[in-house]
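Okay, structure first, notes after.
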Amino acid sequence: MNQEITIALAGNPNSGKTTIFNNMTGARQHVGNYSGVTVERKEGSLKHKDYDIKVIDLPGTYSLTAYSPDEVVARNVIIEEKPDVVVNVVDASNLERNLYLTTQLKELGVPVVVAMNMTDMAEARGMTFDYQLLSQLLGVEIVRTVGTKNMGTRELLDAVIKAASGRSEIPEKQVRYSNELEEEISNVQGLIAGKSTAAIEAAPCVDSLLSETSDYLNRWLALKLIENDKDVLKKIESLRGSEKILEQVEKSQDHLRKIVGEDPELLVVDGRYAFIRGACQEALTYTQEDRISITEKIDKILLNRVLGLPIFLGIMWLLFQLTFTIGSPPMEWIDSGFTVLGEWISNHMTEGLVQSLIVDGIIGGVGGVVIFLPNIILLFMGIAFLEDTGYMSRAAFVMDKIMHRVGLHGKSFIPMLIGFGCTIPAILATRTLENNRDRLVTMLVSPLMSCGARLPVYTLLIAAFFHESVAGNVLFSIYLIGIILALMMAKVLKKWVLPGESEPFVMELPAYRLPTLKSVLIHMWERSWLYLKKAGTIILAASIVLWMLFTFPMVDAQGNKIASPSLQMEQSYAGQVGHAIEPIIAPLGFDWRTGVALVAGFAAKEVVVSTMGTLYSIEDSEALADEEEGSVKSFADQAREQSGYTPLSAYVLMLFILIYVPCMATVGVLKRETNGWKWPAFMVGYTLVLAWVVCFVVYQGGLWLGIGV
């Protein structure tokens, strides 16, 4: 039977950690959330030699201090789940910055193996490493890797097995601080080591440490307390008999301030960097001075003050053009497949409610969403490619000046860009923002960025009402309007709802790299699979519910069966809901059927298409057959002929879909992130009002000018 090893994969953002994770685990991955928080948890598995290896991909973080949920989660996983080995992925071209996390991992006393990644890029910039010497100086096993070329993965796994089995030949090295700081660490450590475990109350993470006898862990706790780590302090305070420890901590901090004249936290940081600089000075040399890297040459163009923004907009325009143009043929193939399936079932089943449920409800609803999968795949592939090349960080840098004008900074634009894929990870990505007001404003405006779930609605309406030559431009305009509205609302919220000074923008710009096909495909598949799962769960359930609402009641108020399909549709429960809200949406050019689709879209935006599919499959279905060719007309043709829309009203509907309340899942995540219903309710309210106002202005203005009517 194979032995089992658990690896925790740690590293700075942009260090190539995700690429290493993908190289190790391939498609054997699953994603969830850590217990009690909305930080994403990724796990994978593999077999290497005689070992079954489980890999936990920790959140990307620069350190293990308690400044963000990512940092706390990363260190708590190491402390509580006790992985056999921590693999620290470091960017070789930015060694000193990346090794700061390495020193903190070593202080936890866990076996650490360093994957020195992107060494090819570092060497191309004139950097030469003495890996053996650096390994001896740091006291960790170091393996040279190039994640994008899958180089060093097997050697890394061999080093992991050696470290897990205690066969590492590298002597342990610990960061040694100044004499004054070491003395105070020893004073606090002695009190912690002598504390009776019987007096410990429930305090996750800390109680498990206090029950250990390891000098490493006691030293780490002492160091954290002297650093004034809020998370550790809070948990220590919850223990009985902790007064003496806290008194000593305060005494040690005061002593250090008097003797050294600096804050203890800065002393610790300086000590770690001094240790790192000393090691790098011995083991790292530069063979080429003043060489301008390829990254710097590209950035001179892409980050140019004049060209930067037009280039960004041009890249996004090209992405949407490709999404629509390349995605059209496979869309037609999938559409034809569902049409043939529906016809086959209709011909082999007796007419009745069951046939209607399967053909009109399930196939018409779910099929109407699945046909847009090619567009979704292409969009996600494009976003994954831009992320992996390092361009997304540049986009935030380019937008920084504009973001400052609305009271935020460029770092807030990263979650907004992620919102092009899905609003939920966009909201979760705001955890990287240190300022709570900035984070809340970013969460509230992120739903205005057009997520992938809206794309099927746009694609349907554009295919039905706009010529193919302008389709990409129409799609691009919707996404651009979303960005503009998000920036405008950010300005409003920062000025009147959540006022406060904007913080300076500090963001690391990773070196450009060519993404691996494997990495892009994995990222694309993860996001596309979520879309497919939605189609098989939420959208399937919504399609069945909507079919029931459109089908019943089947009799009028007098108990007589309703003969006309169109009249039955209008008098159904769904029709009654649509008629109730029709007076509100009529000024926007919408009728009761559009109202039903918009209400259904609250479950998931794709359900708008599913609802329209149900509407146009059921109503006058016998009239949809093309008598000359004997084939069923395309989904877009049905929408155009039965909806009564004009290009103007179709465009206004796309705007409403863009702006109004996001899906239930997004509202739920926002509630968890803000710890209450206040801000989710505010977001639902303001997006509904904003959608109505914008669509009213566009529709009535279009009528007055005679555009698209």
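We did not get these values from a lab; they are worked out from the coordinates using the rules stated. All figures in this text were calculated on a predicted structure; none of them were measured in a lab. Note that we place each Cβ from the backbone using ideal geometry, even for glycine, and neighbour counts take in every protein chain shown.
Restricting attention to the range 255-317, which trypsin sites (Lys or Arg not before Pro) occupy a DSSP loop and are surrounded by at most 10 other Cβ atoms within 10 Å?
Values: sites: Arg257, Lys258, Arg272, Arg277, Arg291, Lys297, Lys300, Arg305; in loops: Arg291, Arg305.
Passing both the DSSP loop test and the Cβ count: Arg305.
Which of the peptides 516-526, 443-453, 699-709, 644-654 is most tightly packed, and how do the rest follow, going by the mean number of other Cβ atoms within 10 Å of each residue? Numbers along the way, then the final one.
Details: 516-526: 17.6, 443-453: 26.4, 699-709: 13.6, 644-654: 21.4.
Per-residue Cβ counts within 10 Å, averaged per peptide and sorted highest first, yield 443-453, 644-654, 516-526, 699-709.
FRET efficiency for the Leu703 to Asp591 pair, using the beta carbon distance and R₀ = 22 Å, is estimated at 0.90.
Ellipsoid semi-axes for the range 3-164, based on the Cα gyration tensor and the rule √(5λ), read 23, 18, 15 Å when sorted largest first.
Taking the number of Cβ atoms within 10 Å of each Cβ as an exposure proxy, the fewest-first ranking of Cys422, Cys695 is Cys422, Cys695.
The label point for Val693 and the one for Leu266, both projected 7 Å from the Cα toward the Cβ, are 4.7 nm apart. Can you compute the label reach from Ser165? Point 7 Å from Cα along the Cβ direction, backbone N cut-off under 18 Å, restricted to the range 77-98. Residues 84-86 fall inside that zone.
DSSP assigns beta bridges within the range 3-164; of those with both partners inside it, close to 35 percent run antiparallel. Close amide H contacts of Met127 (hydrogens built in the peptide plane, cut-off under 5 Å, sequence separation of 5 or more or a different chain): Thr287.
Bridgeable lysines around Lys251 (alpha carbons under 30 Å apart, same-chain partners fewer than 8 residues away excluded): Lys106, Lys173, Lys195, Lys224, Lys230, Lys234, Lys235. The listed peptides 492-499, 53-60, ordered by packing as a protection proxy, come out as 53-60, 492-499 (highest mean of other Cβ atoms within 10 Å first).
Derived scalar couplings between HN and Hα for the range 106-117 equal 5, 5, 6, x, 9, x, 10, 10, 9, 9, 6, 9 Hz in order, rounded to whole Hz, by the Karplus curve 6.51 cos²θ - 1.76 cosθ + 1.60 (θ = phi - 60°), x for Gly and Pro. If you plug the beta carbon distance of Glu237 and Asp130 into 1/(1 + (r/R0)^6) with R0 = 45 Å, you get a FRET efficiency near 0.45. Couplings 3J(HN,Hα) for the range 303-319, derived from phi with the Karplus relation 6.51 cos²θ - 1.76 cosθ + 1.60 (θ = phi - 60°), are 9, 4, 4, 8, 8, x, 5, x, 5, 4, 5, x, 5, 5, 4, 4, 4 Hz, where x marks Gly and Pro. Within the straight-line cut-off of under 18 Å between alpha carbons, the lysines reachable from Lys49 are Lys162, sequence neighbours fewer than 8 places apart in one chain being disregarded. Length gained on full extension, Lys47 to Lys297, computed as 0.36 nm times the residue gap minus the Cα-Cα distance: 85.8 nm.
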